[in-house]
Amino acid sequence: MRSREASREKKSSAAEEELAMAATPPEKWRTSGKRKMLTTAFFMASCLAIFSAFSLFAGVRRHASPPMQQLPLLLLPERPPADQIGFEVQSKKSQGGFDEKGACLSRQQSSFYRRSSSQKKLSYHLQKKLKNYEALHRKCGPTTDLYRETSFQLRSNHSLPPSSSSSECKYLVWISYSGLGNRILTLASAFLYALLTGRVLLVDGREDMASLFCEPFPGETWLLPSDFPLLPLEKYNSDSSFSLGSLSRVKFHGDGARFVYLHLAHDYSQHDKLFFCQREQHFLGKVPWLLLRSDNYFLPSLFLVRGFQRELELLFPEKELVFHHLGRYLFHPANPVWGLITRFYHAYLAEADEKVGIQIRVFEPGTGPFPHVMDQVLACVLNQKLLPKVKSMGDEAPDQRKKKKKKKKKKKVVLVTSLSWGYYEKMRSMYWEGEAEGEEVVSVHQPSHEEHQKSGDRIHLMKAWAEMYLLSLTDVLVTSAWSTFGYVAQGLSGVRPWILVRAENRTMPDPPCLRARSMEPCFHAPPFYDCEAREGVDTGAILPHLRHCEDVSWGLKLFDPPY
Ligand code: GDP
């Protein structure tokens, strides 16, 4: 709230300053016949300028003036977009390595790089929820006494007395697991769960989280302190006796559990899946600490939990935008990653009339490039007219070429991301060796070719995050089926991608790609269980906005009907 008021005040004083400047009469006017009118205008504007200087002075006493990098925020609309809520943070009380050297540049500057999304506003209810969450995070965050008290209880070997279940602060600890795309999706899912259950989200800071993301919440870190009593987090897995699955198996639903581990990874058991049932949620609601490990975007199945449905309806009137809003709110590239993004953007993308992003992720064993994948990508972009076909060399008569020179051609820039270099090489050569049909020139660029996934390599992860983000800045997106890397890009971008259908037997699929009907990511391992009836059910046929994914037939995804 404070920040919005400050922003409004600064906005009006900047406008008044501009008015005062404009009212200063140039030399040549002084002798003209309009002098009287101008003198009056000048007098009024001067009064306004003096008044505004006065109020600015008074305002400055209350609100420290923003650093230079924050100035673009003065242009914020009344209700800022998701990626600008909470911008007042700027590391006032940063702990654990996020933002320590200064402000989060991506949060301040992202609006200059993104397409404006006037159609994609946050609901009022979601804005309010985020603000309340930020207050809760400040109240209970890792540097507070309340955190110390609540985490101290974890050191005790005894179960908690029933009264402690009403503790002021409850927590959800997110355990870092799997590839970066998976991590971003599970973190967004965990955050929504924290919002719905009034918990504080704390993030396992291993795997260089601090080098990748800015702190999302104002005034308090989201990083789990290194002296957290339940470390090391690696010990929690599908066999853990503290898991919801294990507790459900022995029918433990009583008060007094100090913590419960939620195993929501691809190999979770039927008992672990009870997480998505109202009865288990009631039990979990009494537990102060929850630890969560997942490699799945489990968020869609939260829409099946009866107790969350009303709130979710208010928070997200448009179901297709859930990750779009949460992702833009939570994930701001840290400054070094922002450097990778902006340098590449200005060097290759900024001058484009249209930017086409192509994400090529191949899950087959062996090193690419594979001919069937190259054929598929080209068939997709050419058949769907995302890119122009190419004439063979010497196809044009000289007089035609002369005529065409006069017209300014549309500049299409293609951003390819892939672990392999080969697909990019082929496309780049194609548009160099032959002229593009129509009135377009095409250039092709790829930021990196890392050859294979390198877990735990900081620079590799920074490049991966930068590339997901760069893809999200394009106008047209082609993504690979099954890839969470692509899901993150499409969700952040706010465009429905063309999905490259997953190939079988090293053969190009027919059709090579299809248009997504929703930009939401897909939950690859949803439960198929009706908690009320206690029997199996197709969970993709219960709610109008929860259906099977285009790329994973058994997966679940949010849509806005009709689709
Ligand atoms: P998914 O496996 O496609 O669902 O995506 P993940 O992001 O979870 O895991 C794949 C990992 O491989 C990424 O996080 C990167 O580390 C790496 N990777 C895959 N594709 C690319 C790419 O196009 N560029 C870069 N830089 N890394 C990639």
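To keep it simple, each residue is scored yes or no on (1) part of a loop (DSSP other than H, G, I, E, B); (2) among the small types (G, A, S).
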residue: G181; (1), (2): no, yes
residue: I184; (1), (2): no, no
residue: L201; (1), (2): no, no
residue: A210; (1), (2): no, yes
residue: S226; (1), (2): yes, yes
residue: L230; (1), (2): yes, no
residue: S241; (1), (2): yes, yes
Any idea how many residues of region 179-205 are within 16 Å of the ligand (Cβ to nearest atom), touching a helix residue (DSSP H, G or I) at 6+ places or on another chain (Cβ under 8 Å) and closer than 21 Å to L556 by Cβ? 8
Pairs only if they're at least six apart or on different chains, beta carbon under 7 angstrom, first in region 159-179 and in the same structural domain as W222 (by TED's automatic domain parsing) and assigned to a loop (DSSP other than H, G, I, E, B), second surrounded by fewer than 19 Cβ atoms within 10 Å (Cβ to Cβ) and at pLDDT below 95; list them, first residue then second. S159/G256; L160/Q153; L160/G256; S176/R206; S176/E207; G179/Q453
Within region 344-377, the count of residues that are touching a residue at least 40 places away in the same chain (Cβ under 8 Å), part of a loop (DSSP other than H, G, I, E, B) and over 30 Å from D510 (Cα atoms) comes to 3
Positions within region 103-148 being assigned by TED's automatic domain parsing to the domain that holds P317, hydroxyl-bearing (S, T, Y) and under 23 Å from W174 (Cβ atoms), in sequence order: Y133, T143, T144, Y147
I'd like to check something: does region 332-343 contain any residue that is part of a helix (DSSP H, G or I) and in contact with a Lys or Arg (Cβ under 6 Å, 6 or more places away or on another chain)? no
Among the residues of region 444-471, the number that are free of Cβ contacts under 8 Å to residues at least 40 places away in the same chain and either closer than 15 Å to P497 by Cβ or under 15 Å from the mean Cα position of the chain (by Cα) (or both) is 0
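Each row is one residue, and each column tells you yes or no for (1) free of Cβ contacts under 8 Å to residues at least 24 places away in the same chain; (2) surrounded by fewer than 18 Cβ atoms within 10 Å (Cβ to Cβ); (3) hydroxyl-bearing (S, T, Y).
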site	(1), (2), (3)
T507	no, yes, yes
D510	yes, yes, no
C513	no, no, no
E520	no, no, no
F523	no, no, no
P527	no, no, no
C531	no, no, no
D538	yes, yes, no
L543	no, yes, no
Per the filter on region 110-130, residues buried (at least 16 other Cβ atoms within 10 Å of the Cβ), part of a helix (DSSP H, G or I) and not polar (S, T, N, Q) are Y113, L126, K129, L130
Any pair with Cβ under 8 angstrom, 6 or more apart, that starts in region 100-112 at a residue that is modelled with pLDDT under 95 and ends at one that is charged (D, E, K, R): S111/D83
Sole residue being without any contact (Cβ under 8 Å) to a residue 40 or more places away in the chain and closer than 20 Å to L146 by Cβ, chosen from D227, D272: D227
When you check M430 against the structure, is it in contact with a helix residue (DSSP H, G or I) (Cβ under 7 Å, 6 or more places away or on another chain), in a helix (DSSP H, G or I) and modelled with pLDDT of 95 or more, yes or no? no
Among the listed residues V305, V356, V337, identify the single one that is among the β-branched types (V, I, T) and closer than 30 Å to D267 by Cβ. V305
If a residue counts only when it is within 15 Å of the ligand (Cβ to nearest atom), which strands (runs of 3 or more DSSP E) contained entirely in region 460-563 have at least 3 such residues? 476-480
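Every residue, every condition in (1) within 16 Å of the ligand (Cβ to nearest atom); (2) under 17 Å from E433 (Cβ atoms); (3) modelled with pLDDT of 95 or more, yes or no:
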position	(1), (2), (3)
N383	no, no, yes
L387	no, yes, yes
D399	no, no, no
K404	no, no, no
K408	no, no, no
K411	no, no, yes
V414	yes, yes, yes
G422	yes, yes, yes
Could you grab the pairs with beta carbons closer than 6 Å, sequence gap of 6+ or different chains, first residue in region 476-505 and assigned by TED's automatic domain parsing to the domain that holds K355, second one β-branched (V, I, T) and part of a helix (DSSP H, G or I)? V488/I184
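The values are calculated or read from the model by the stated rules, or taken from the named source; none is laboratory data. Treat the numbers as computed from the prediction; the structure is a model and nothing was measured. We place every Cβ from the backbone using ideal geometry, glycine too, and count neighbours over all the protein chains shown.
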